[in-house]
């Protein structure tokens, strides 16, 4: 498997989008299924946000200062997703706003993924060499192992608060 940072992040995106599609196709009364899908979404998004915030964004910001505005926008998009994830984690799948809140999360994250894949990743690939992306990818994989799996974990909550304060 490639350790190219962009390849790894795109693989995460693909897995997350698959869950989104399953949720959207689950049907109105599929409360149990939707609950399980949202639990998995929360886990994947928490890990993904963590590794981007801890490794990818700071490194790109340092190495490619021209992309700083893009990085700052990505932090804010992550913050919005983090808030929705925390709220969803506290809701039961049969709650009145569960489907609506999940739909808003899906819309926001889908927009973020499209921006990254269509605009930001090509800029990063053009600005960094293969070796840098491979080394960053190895760091992403290592960070995934220690990443929080839930927004309720102290390190995930701290990252969200830190992002808001900045």
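The values are calculated or read from the model by the stated rules, or taken from the named source; none is laboratory data. Model, not experiment: these values are computed from the prediction. All Cβ positions, even for glycine, are placed from backbone atoms using ideal geometry, and neighbour counts span all protein chains on display.
Here are the numbers for this structure:
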{"quantity": "Yes/no for residue 75 being part of a helix (DSSP H, G or I) and modelled with pLDDT under 95", "calculated": "yes"}
{"quantity": "Matching residues in segment 18-34 - criterion: being surrounded by 15 or more Cβ atoms within 10 Å (Cβ to Cβ) and touching a residue at least 12 places away in the same chain (Cβ under 8 Å)", "calculated": "19, 20, 22, 23, 31, 34"}
{"quantity": "Considering residues of segment 88-100 that are part of a helix (DSSP H, G or I), more than 16 Å from the chain's Cα centre (by Cα) and in contact (Cβ under 8 Å) with a residue 12 or more places away in the chain only, the residue nearest to residue 20 (Cα to Cα)", "calculated": "99"}
{"quantity": "Residue match in segment 101-122 (condition: at pLDDT below 95, assigned to a helix (DSSP H, G or I) and in contact with a helix residue (DSSP H, G or I) (Cβ under 7 Å, 6 or more places away or on another chain))", "calculated": "no"}
